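The values are calculated or read from the model by the stated rules, or taken from the named source; none is laboratory data. Quick caveat: nothing in here was measured; it's all calculated off a predicted structure. Neighbour counts are summed over all protein chains in view; Cβ atoms, including those assigned to glycine, are modelled from backbone coordinates with ideal geometry.
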Amino acid sequence: MQRPEQVGGHNHSGPLTANWGGEVLNAPNAITFGRLCAVPVAVWFVLQGQMGWALVLFVLAGVSDGVDGWLARRRGGTVLGAWMDPAADKALLVGMFVALASMGLLPAWLAVLVVLRDLVIIGGIAAMWWLARPIHIRPMLLGKANTVLQILLVGVILFLESQGLHAPA
């Protein structure tokens, strides 16, 4: 993944001088924006006990994440897309963990850990960006495995609940 500061061959020297590069309104960004907008709807479905619809939206979000990533790699990404895509992913997972915990379907401590982990990561990135310190963000295998496990956990809980089978919390 390209660093957001280097997408499209443009450099970023600080928070007020970002060159967004390329077109902002392109297909990958539109798909990512749609995924970001789906987060509150998915959370609302969980809170309303509509687990089947929450599962459908969760799966569609996953598919759209793959599609927008493929399109961005094929056509070239933008700085906006490089920031918006992981934000949409984090928002969906955090929203699902908090919603499922609030419904008693996940332990609250687990939702707190997921939220705190993401806040620490985002806070560190934001601090480095504001300090105009070069950072190289490369997902580690452990981080990818963690994300896959989080996705599987949410998916399994949504599936079980949508089928009337209650997942142990």
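What is the residue count in segment 140-165 for residues that are assigned to a loop (DSSP other than H, G, I, E, B) and either in contact (Cβ under 8 Å) with a residue 12 or more places away in the chain or among the polar types (S, T, N, Q) (or both)?
We begin by selecting, within segment 140-165, every residue assigned to a loop (DSSP other than H, G, I, E, B); these are 140, 163-165.
Then drop every residue that is not either in contact (Cβ under 8 Å) with a residue 12 or more places away in the chain or among the polar types (S, T, N, Q) (or both), which leaves 163.
Residues in segment 140-165 being assigned to a loop (DSSP other than H, G, I, E, B) and either in contact (Cβ under 8 Å) with a residue 12 or more places away in the chain or among the polar types (S, T, N, Q) (or both): 1 in total.
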Pairs where the first residue, in segment 77-93, is over 18 Å from Pro40 (Cβ atoms) and the second is of a type in the set (Phe, Trp, Tyr), C-beta under 9 Å, 6+ apart: Thr78/Trp20; Val79/Trp20; Leu80/Trp20
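Sort through Ala132, Ala99, Ala126, Ala145 and tell me the only one that's within 19 Å of the chain's Cα centre (by Cα), of a type outside the set (Lys, Arg) and farther than 20 Å from Gly62 by Cβ.
Values: Ala132 fails: within 19 Å of the chain's Cα centre (by Cα); Ala99 fails: farther than 20 Å from Gly62 by Cβ; Ala145 fails: farther than 20 Å from Gly62 by Cβ.
On inspection, the qualifying residue turns out to be Ala126.
Quick check: is even one residue across segment 3-15 modelled with pLDDT under 95 and of a type in the set (A, V, I, L, M, F, W, C)? Before you say what the answer is, go through the steps one by one.
First, the residues of segment 3-15 that are modelled with pLDDT under 95: 3-15.
Those left that are additionally of a type in the set (A, V, I, L, M, F, W, C): 7.
Among the residues of segment 3-15, at least one is modelled with pLDDT under 95 and of a type in the set (A, V, I, L, M, F, W, C), which makes the answer yes.
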Contacts under 6 angstrom Cβ, first residue in segment 24-45 being free of Cβ contacts under 8 Å to residues at least 12 places away in the same chain, partner surrounded by fewer than 17 Cβ atoms within 10 Å (Cβ to Cβ) and outside any helix (DSSP H, G or I), 6 or more apart: none
What helices (runs of 4 or more DSSP H) lie completely within segment 47-139 and have 3 or more residues being farther than 21 Å from Phe33 by Cβ and of a type in the set (Val, Ile, Thr)? 108-130
